[in-house]
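In what follows, a single structure is set out as structure tokens and then discussed.
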């Protein structure tokens, strides 16, 4: 079993930006506006060199990329399941596009999934992951880091 890494959840009240205007969710210096998700066996997050570092904990694991859950099915069991090899020490750009009809996900410029959600139930997988709602980051089986956390509303 590989260790679970700490998860942070954004808890800040964010002002509504204008459509198309990028909003930062991390100041690069502090964890202000974020809280540590109380996972069992979690590692301690910290800010280091403009990143949020998620330290390894125990005991959960995960090795796929996808959307959990769609119609009650975890990413490992639905059409968004993709296997992706992440290289140690390399930064990746993750992007989600959420509309009332579809949810799409990219790693760098590669589309990983683009699933129709109209008439379907989209939620969180069972278990402790619900503790990271409404928005959070997790790294499974390794030390991880995030930076440049931004969002924008689509027009």
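The values are calculated or read from the model by the stated rules, or taken from the named source; none is laboratory data. Computed from a prediction, not measured in an experiment: that's the story for all the values here. A quick note on method: Cβ atoms are made from the backbone with ideal geometry, for glycine too, and the neighbour counts reach across all protein chains shown.
Can you tell me how many residues in the stretch 17-35 are in contact with a strand residue (DSSP E or B) (Cβ under 7 Å, 6 or more places away or on another chain), within 14 Å of residue 53 (Cα to Cα) and at pLDDT 90 or above?
Within the stretch 17-35, the subset in contact with a strand residue (DSSP E or B) (Cβ under 7 Å, 6 or more places away or on another chain) is 17, 22-26, 29-31, 33-35.
Filter once more, so that each one left must be within 14 Å of residue 53 (Cα to Cα): 26, 29-31, 34-35.
Among the residues that remain, those that are also at pLDDT 90 or above are: 26, 29-31, 34.
Of the residues in that region, 5 qualify.
Would you tally the residues in the stretch 70-82 being in a strand (DSSP E or B) and over 20 Å from residue 134 (Cβ atoms)?
Step one: filter the stretch 70-82 for residues in a strand (DSSP E or B), giving 70, 73, 82.
Filter once more, keeping what is over 20 Å from residue 134 (Cβ atoms): 73, 82.
Adding up the residues that qualify gives 2.
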**Request:** Considering only the stretch 131-155, state which residues are surrounded by fewer than 11 Cβ atoms within 10 Å (Cβ to Cβ) and either within 16 Å of residue 42 (Cβ to Cβ) or more than 14 Å from the chain's Cα centre (by Cα) (or both).
**Result:** 154, 155
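Residue under question is residue 67, and the condition is that it be under 14 Å from the mean Cα position of the chain (by Cα), closer than 28 Å to residue 22 by Cα and either modelled with pLDDT under 90 or in a strand (DSSP E or B) (or both); does it hold?
Working: under 14 Å from the mean Cα position of the chain (by Cα): yes; closer than 28 Å to residue 22 by Cα: yes; either modelled with pLDDT under 90 or in a strand (DSSP E or B) (or both): no.
It is false that residue 67 is under 14 Å from the mean Cα position of the chain (by Cα), closer than 28 Å to residue 22 by Cα and either modelled with pLDDT under 90 or in a strand (DSSP E or B) (or both).
If only one of 128, 101, 111, 79 is over 29 Å from residue 42 (Cα atoms) and either in contact (Cβ under 8 Å) with a residue 24 or more places away in the chain or surrounded by 17 or more Cβ atoms within 10 Å (Cβ to Cβ) (or both), which one is it? If you could, list the steps in order and put the result at the bottom.
Details: 128 fails: over 29 Å from residue 42 (Cα atoms); 101 fails: either in contact (Cβ under 8 Å) with a residue 24 or more places away in the chain or surrounded by 17 or more Cβ atoms within 10 Å (Cβ to Cβ) (or both); 111 fails: either in contact (Cβ under 8 Å) with a residue 24 or more places away in the chain or surrounded by 17 or more Cβ atoms within 10 Å (Cβ to Cβ) (or both).
Of the residues listed, the single one that is over 29 Å from residue 42 (Cα atoms) and either in contact (Cβ under 8 Å) with a residue 24 or more places away in the chain or surrounded by 17 or more Cβ atoms within 10 Å (Cβ to Cβ) (or both) is 79.
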**Asked** Considering only the stretch 83-124, how many residues are on the phi < 0 side of the Ramachandran plot and not in a strand (DSSP E or B)?
**Response** 20
